[in-house]
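Remarks on the structure that follows.
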Number of protein chains: 2
Amino acid sequence: MGKLIVGIDIGGMSIKGGIFDTEGNILHRFVVPTNTQNNGNSIVLDMVNGLNQCLQENNINKKDIIGIGITVPGPVVENKIVLKCINLYWKTKRDLQKEVLDLLDDEYNKNDIIIVIGNDARLAALGEFWKGAGNHYNSAAFITIGTGIGGGIVLNGKVLTSNGAVAGEVGHIHVVDNLDYCCNCGANGCLEQMCAVPGIMRRTFKLLKTSKEDSTLRNYDKEKLTCKDIFDEAKKGDALSLEIVNTTCKYLGIAIANLTAIVDPDVFLIGGGVSKAGDFLINKIDEYRKQYNCISTEQVPILLATLGNDAGMYGAVKLVLDK
Amino acid sequence: MGKLIVGIDIGGMSIKGGIFDTEGNILHRFVVPTNTQNNGNSIVLDMVNGLNQCLQENNINKKDIIGIGITVPGPVVENKIVLKCINLYWKTKRDLQKEVLDLLDDEYNKNDIIIVIGNDARLAALGEFWKGAGNHYNSAAFITIGTGIGGGIVLNGKVLTSNGAVAGEVGHIHVVDNLDYCCNCGANGCLEQMCAVPGIMRRTFKLLKTSKEDSTLRNYDKEKLTCKDIFDEAKKGDALSLEIVNTTCKYLGIAIANLTAIVDPDVFLIGGGVSKAGDFLINKIDEYRKQYNCISTEQVPILLATLGNDAGMYGAVKLVLDK
């Protein structure tokens, strides 16, 4: 049997793992719940136990594992040190690489095994670049739009990281002046404030309140109205919904123009729940970014991400291969 | 004698060259005028002749030249192809690497010599990173503020370039909405529109016209008023001048916040004519970027560039060494 790599995505709800061959084919999967009790103290052990059980069930020799890549929902430096993870209740810096190595038993090749850690959004970018919509390109910027906006940048095939752990925080590109509330990051006017789901909903409720215009959105139970509803009504031609979508795409267009002026990737990849609006979203972003982009770069494609929630695992595996 | 590297900076007015050792010490200099007649057809030959003459005058054996790095004021791809250079009247794509190699005589090591071409602002960034204010850092973003705004990004010691030749175009970061005129790049709301000298002057004249406020700027002959005057009067406390400077620094702060969210360099370097305003400028930019930056990154230093017009030559030499 060939050499194997483990990709693990630690999220706030569950820990998802996969056993991959070195070509990036997923052979087996495992999932364990994320236990955030006691400051998330058992998470790393639960993860290693989940991995061990998966290997045992599939009769895989631990010696065949050449590397383990792990994503966490927080800032990471040097591919090993996790600064904090609010959603995991990890409040202080920890050397996750060492912790994982210490928890592996002696049946693993402990002297040679590669253990690398990365931020979840950054590694999702790397995953999409490697095995998703970015796989024909040399560089990519990934924007994932959900309850927040995350992302990452891949340049010459390598995911961009920084000593400050901030590189690739595309959700915190400044896109608008003078908002009357701050972003979670402490700044004001971030893309995430305008275009993540809470921002879209906030703008929608405000517009429904201030506008006297008729709108099919007014037929919805306000408590149950979703972002998907807004995009669906916009597609059907509801003017007020369309205004919300247009504003969303304008700010995404500005962010893309800034990513172009700064790193100029060969492709933009859009993922996350909001990206389910599909080509309707992509075409509108493309329309707006042309107003803000240098003329010469208008043709850089904007594509929908394809790996969904698996992107992080793929990226974790690629990070092992890049070591 | 040790091996030598040539760094050449082709500008719209003159071609500046230097003979460097491999440590980056400049040993000899030469300058020839830039002849833009006949679509700048003689520029490359004039440059090679200037180099040959400098080597002869200093009794340097052409065989000792291991590489030639050249900057041009236009977009470059693959460190060899110049797409165009408006200021040199080069209107079409040319393989400058091949042109230079063809013009070298057989006394050069034509089989081994490294010839690399780069954009002037990008290589100035690399030069400042290597031998200027950035020389204790691992990554840097350089912003040069003059009649335009240029710059470049150095990551892990290497200057960032892209297939689209746009990476590092920090002057075209989007910082403001709804300007009533377009940027030279075709977009709207670029940093260069607000903060390069013409933008600063435009805002100043507009404010002098629309404001009724008293100002020491009104004592100047309008035809002779300079950017330096505005910064000098702001330093002395003139409120209207201060407003112009504050707006300038606000938009530079936004650009720096965006550079942080996207590439998160270890240091920011500010150069160009406007940077002669010194710490007064730097401190104000620092003040404003804190409003737009993720909290964790407020401490990334902002420093004045130190190499002045030599930065490009140094960067050209470093690009040779990086090959």
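The values are calculated or read from the model by the stated rules, or taken from the named source; none is laboratory data. This one's a predicted model, so the numbers in the text were calculated from it and none came from an experiment. Please note: Cβ atoms are built from the backbone with ideal geometry, for glycine as well, and neighbour counts cover all protein chains shown. Please note that ligands, DNA and RNA were not included when accessible areas were found on the heavy atoms of the full protein model with its side chains. Shrake-Rupley method; radii C 1.70, N 1.55, O 1.52, S 1.80 Å.
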*Backbone HN-Hα couplings from phi across segment B:198-203 [Karplus 6.51/-1.76/1.60, Hz, Gly and Pro as x]*: x, x, 4, 5, 4, 5
*Cα-based equivalent ellipsoid of segment B:1-137: semi-axis lengths in Å, sorted from largest, via gyration tensor*: 22, 19, 14
*Surface accessible to a 1.4 Å probe, B:Tyr314 within the full protein complex, Å²*: 30
_³J(HN,Hα), Karplus 6.51/-1.76/1.60, whole Hz, each residue of segment A:117-131, x for Gly, Pro_ = 10, x, 5, 4, 5, 4, 6, 4, 4, 5, x, 5, 5, 7, 10
*Could you order B:Thr71, B:Thr161, A:Thr147 by accessible surface area, starting with the largest, using a probe radius of 1.4 Å?*
A:Thr147, B:Thr161, B:Thr71
_Mean residue ellipticity (222 nm) of chain A, computed from DSSP H runs ≥ 4 via -39,500 (n - 2.57), nearest 500_ = -11000 deg cm²/dmol
*With every protein chain left in place, what is the accessible area of B:Ser241 in Å² (1.4 Å probe, nearest 10)?*
0
_Nearest 100 Å² is fine: what is the total accessible surface buried where chains B and A meet, probe 1.4 Å?_
2900
_Solvent-accessible area of B:Ile43, probe 1.4 Å, all protein chains present, reported in Å² to the nearest ten, please._
0
*Per-residue HN-Hα couplings for segment B:204-214 [Karplus 6.51, -1.76, 1.60; θ = phi - 60°; Hz; x = Gly/Pro]*: 5, 4, 5, 5, 4, 7, 7, 8, 9, 4, 5
*Put a label point 7 Å from Cα along the Cβ direction on B:Gly24, then list its distances to the equivalent points in the other copies in nm, shortest first.*
3.6
*Of all the Cα-Cα pairs you can form in segment B:234-298, what percent are over 21 Å apart?*
23
*Under 5 Å, built H, 5+ apart or other chain: amide partners of B:Trp90*: B:Cys85
*Any of B:Lys91/B:Lys276; B:Lys16/B:Lys110; A:Lys235/B:Lys250; B:Lys16/B:Lys228 with alpha carbons more than 29 Å apart? Name them for me.*
B:Lys91/B:Lys276; A:Lys235/B:Lys250
_Rotationally averaged projected area of the protein assembly as shown (alpha carbon convex hull; nm²)_ = 34.0
_Spatial extent of chain B: Rg and Dmax, with the Cα atoms as the point set, Å_ = 20.8, 69
*Roughly speaking, to the nearest percent, how much of the protein assembly as shown's 1.4 Å accessible area is carbon and sulfur?*
47
*Along Cα-to-Cβ, 7 Å out, sits the label point; list in nm, shortest first, how far the one on A:Leu45 is from those in the other copies.*
8.0
*Tell me the distances, shortest first, between A:Lys236 and the same position across the other copies, using label points 7 Å along Cα→Cβ, in nm to one decimal.*
6.7
*Once the mean 1/r over all distinct Cα pairs of segment B:60-109 is inverted, what Kirkwood radius in angstroms do you read off?*
12.1
*Quick one: accessible area per residue over the protein assembly as shown, 1.4 Å probe, rounded to a whole number of Å²?*
42
*Rounded to the nearest whole Å³, what is the per residue volume of the convex hull around the Cα atoms of segment A:38-77?*
91
